[in-house]
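Heads up: the structure comes next, in structure tokens.
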Amino acid sequence: MKVLVLAGPESSGKSWLAEQLQQQFGGERVSEYVRYFIDHTQRDTCYADISAIAQGQLAWEDAARSLAPELLILDTHLLSNILWSQTLFGACPDWLEQALLTRRYDLTLLLAAEGVEWIGDGQRCQPELPARQAFFEASQRWLDQHHQPYRIAGGSLSDRREQALLAVTQLMNTAAPRPAGNPS
């Protein structure tokens, strides 16, 4: 199983691109749990919700992993929860980063802030490009700091789709690393 994460600021095309990739490659797709959470609680989130949102995201991810698809496409993962918690509340539950680091992700497609129009949807809160750019930069710093494999996708939605199709094609054609001690 190859695990692909779409990361980056809001309104950068993650959900749309996840759908495009699933149509092209099949596999399983995991959406953003926070959207479900907000829709069902009918209120804005608060710091006390962060752990529940992260646990919900992990539960959805684990359910999809248990199906062992050839490709697992994650519309987001805990990095987004970490960065949003820090952005909105100035803090983040300590366990989130360790939980994120214990999981294997084969590739993160980090979507650029510029190049696509911000579209408000009632849950988004960063209409200004500098705020979205700061989120992108924080994502990139975290990925670099923790030596996570990633590629940046930018430009128009069409450009992002082409870059993502190429990256996923290459990912799917890459052999999985063999476990240590396996002579074959």
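The values are calculated or read from the model by the stated rules, or taken from the named source; none is laboratory data. Everything quoted here is computed from the prediction, not taken from an experiment. Neighbour counts run over all protein chains shown; Cβ positions are idealised from the backbone, glycine included.
Would you check which residues across segment 1-43 are over 18 Å from residue 100 (Cβ atoms) and of a type in the set (Val, Ile, Thr) and list them? The answer is 38, 41. Is it the case that some residue within segment 120-130 is more than 18 Å from the chain's Cα centre (by Cα), charged (D, E, K, R) and modelled with pLDDT of 95 or more? No; the residues of segment 120-130 include none that is more than 18 Å from the chain's Cα centre (by Cα), charged (D, E, K, R) and modelled with pLDDT of 95 or more. For segment 16-57, a residue qualifies if it is touching a helix residue (DSSP H, G or I) at 6+ places or on another chain (Cβ under 9 Å), touching a residue at least 40 places away in the same chain (Cβ under 8 Å) and of a type in the set (Gly, Ala, Ser), and the qualifying residues are 27, 31, 51, 54.
Within segment 130-150, the set of residues being in contact with a Leu (Cβ under 8 Å, 6 or more places away or on another chain) and either among the polar types (S, T, N, Q) or surrounded by 16 or more Cβ atoms within 10 Å (Cβ to Cβ) (or both) comprises 135, 136, 138, 139, 140, 142, 143, 150. Counting the residues of segment 2-15 that are out of contact with any Lys or Arg (no Cβ under 6 Å at 6 or more places or on another chain), at negative phi and modelled with pLDDT under 95 gives 3. For segment 65-111, a tally of residues being assigned to a loop (DSSP other than H, G, I, E, B), surrounded by 15 or more Cβ atoms within 10 Å (Cβ to Cβ) and touching an Asp or Glu at 6+ places or on another chain (Cβ under 6 Å) returns 3. Could you tell me how many of the residues in segment 16-51 are of a type in the set (Ser, Thr, Tyr), closer than 15 Å to residue 3 by Cα and in contact with a Leu (Cβ under 8 Å, 6 or more places away or on another chain)? So the answer is 0. When residue 61 is tested against the conditions (1) surrounded by fewer than 14 Cβ atoms within 10 Å (Cβ to Cβ); (2) in contact with a strand residue (DSSP E or B) (Cβ under 7 Å, 6 or more places away or on another chain), the lone failure is (1). Taken over segment 134-161, the criterion of being in contact with an Asp or Glu (Cβ under 8 Å, 6 or more places away or on another chain), at pLDDT 95 or above and either within 15 Å of residue 114 (Cα to Cα) or of a type in the set (Asp, Glu) (or both) is satisfied by 153, 154.
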